[in-house]
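Chemist: For reference, the structure I am asking about is given below.
What follows is calculated from the coordinates using simple rules that are stated; it is not laboratory data. Predicted, not measured: the structure shown is a model, and the values here were computed from it. In this analysis, Cβ positions are derived from the backbone assuming ideal geometry, glycine residues included, and neighbour counts consider all displayed protein chains.
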Amino acid sequence: MSVDIGNKLNPCMYCGLPAEKILRENCGPILRIRCPECNRALSGASFDELDDEWNRVNEMRPVAEICADDIFHVHTYRCKHAGDEEDEEYVRRAIELGAKRIIFTDHAPFPGNPFGNRMDIEELPEYIASLKKLADRYIKYISVQIGLEIEYLPSFDEYYRKLAANEDIRWLIVGQHFYEYEPGVYSFSDSTEVKNQCEAYGLMEAMLTACDTGYFRVIAHPDRAFRRKRNWTEDMAEMSEKLIRSARENGIALEQNISSKKRKHQYWNEFWELADTIANEEEGKPLLLIKGADAHSVAELVL
Ligand SMILES: [Zn+2]
Ligand SMILES: [Zn+2]
Ligand SMILES: [Zn+2]
């Protein structure tokens, strides 16, 4: 299917080709904004306008898209399992790599700091302030954007609502590393046997519920839910199809996680082939994909 996103694009930022000649095309699951003259991807140049236009056309919240010039999904030292570099070093390296945007999505805190491996709730204002300062300082070179990666745990609904309403936090993304049975009872306490049996289903169900809340823009590493699986099965295909269709209906992007590719059983080609098939159906909204670095150090920044 093709999508008309209107005429609000800017002229090509590289060769100046007028806006009306810029190509918008749906290539498989990916919406591409491309200059036919110099063949560069252009979405970074007019992202805000694209957001507005998508909102108008789709009557839904802003959406994401893969853009060759973005570095998406970056952590900081605050999560306690990343390199100790300052935020500014990430920004400077991203500029060096030629990125047009760098989107920080550090592991979000929860009120009362009940979980490890993430920033403390007391650090959140400083995280936002630090990135805002860098956004101002480097505005001529790169767009620095603020986000958080967070598990969807139903009993914290009110907290997600607040985060989603915070105008400084542009990217609230689901990173479902564990799930909640009931308040205070979480899957990370399960035995290995139970995890092997149930984890994939629990993580997938949590992500599905998250899709319907309206709080989140991206589902990070959806296929990592199958990290304990060794072979692709019908069950996995069924769960995946439900999630892909829900993400598409809700205008939520699915993240192809670069760091998952480096680990065994975390990146499933079968999942993304299914996504491609669904994206190419005649009917339905476009399926949005976004590429995520999941960088936990400056060295892991990739374009
Ligand atoms: Zn992490
Ligand atoms: Zn994650
Ligand atoms: Zn991450």
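Chemist: In what sequence do 179, 138 fall when counting other Cβ within 10 Å, fewest first?
Modeler: Numbers: 179 24, 138 17.
Ranked by crowding around the Cβ, least crowded first: 138, 179.
Chemist: Here's something else I'd like to know. Tell me, what are the semi-axes, in whole angstrom and largest first, of the equivalent ellipsoid of segment 174-303 as set by the roots of 5 times the Cα gyration tensor eigenvalues?
Modeler: Working through the eigenvalues yields semi-axes of 22, 19, 16 Å.
Chemist: Just for segment 133-239, what percent of DSSP beta bridges are antiparallel, to the closest 5?
Modeler: Of all bridge pairs located within segment 133-239, approximately 25 percent are antiparallel.
Chemist: Another one. Order by neighbour count: 161, 224, fewest other Cβ atoms within 10 Å first, most last.
Modeler: So the ranking, lowest neighbour count to highest, is 161, 224.
Chemist: Take 188, 72, 115, 271 and order them by how many other Cβ atoms sit within 10 Å, fewest up front.
Modeler: 188, 115, 271, 72
Chemist: Strictly over 29 Å apart at the Cα level, which of 132/285; 21/132; 195/261; 21/291; 132/262 would you flag in this model?
Modeler: With Cα atoms farther than 29 Å apart: 132/285; 21/132; 132/262.
Chemist: Something else: Based on DSSP, what percent of beta bridges with both residues in segment 60-300 are antiparallel, to the nearest 5?
Modeler: Of all bridge pairs located within segment 60-300, approximately 10 percent are antiparallel.
Chemist: Could you tell me the center-to-center distance, by alpha carbons, between segment 254-303 and segment 147-173 in angstrom?
Modeler: Between the Cα centre of segment 254-303 and that of segment 147-173, the gap is 22 Å.
Chemist: Continuing with the same structure: Along Cα→Cβ, 7 Å out, is where each label goes; now give me the distance between the ones at residue 121 and residue 137 in nm to one decimal.
Modeler: In this crude spin-label approximation the distance works out to 3.0 nm.
Chemist: Contact order normalised by length for segment 133-285, with contacts defined as Cα pairs under 8 Å and 6 or more residues apart; what percent is it? Don't skip to the end; give the middle numbers.
Modeler: Numbers: 193 pairs, mean separation 30.5, N = 153.
Worked out over segment 133-285, it gives 20 percent.
Chemist: On to the next question. For every other residue with a beta carbon closer than 12 angstrom to the beta carbon of residue 157, add +1 if it is Lys or Arg and -1 if Asp or Glu, then tell me the sum.
Modeler: -1
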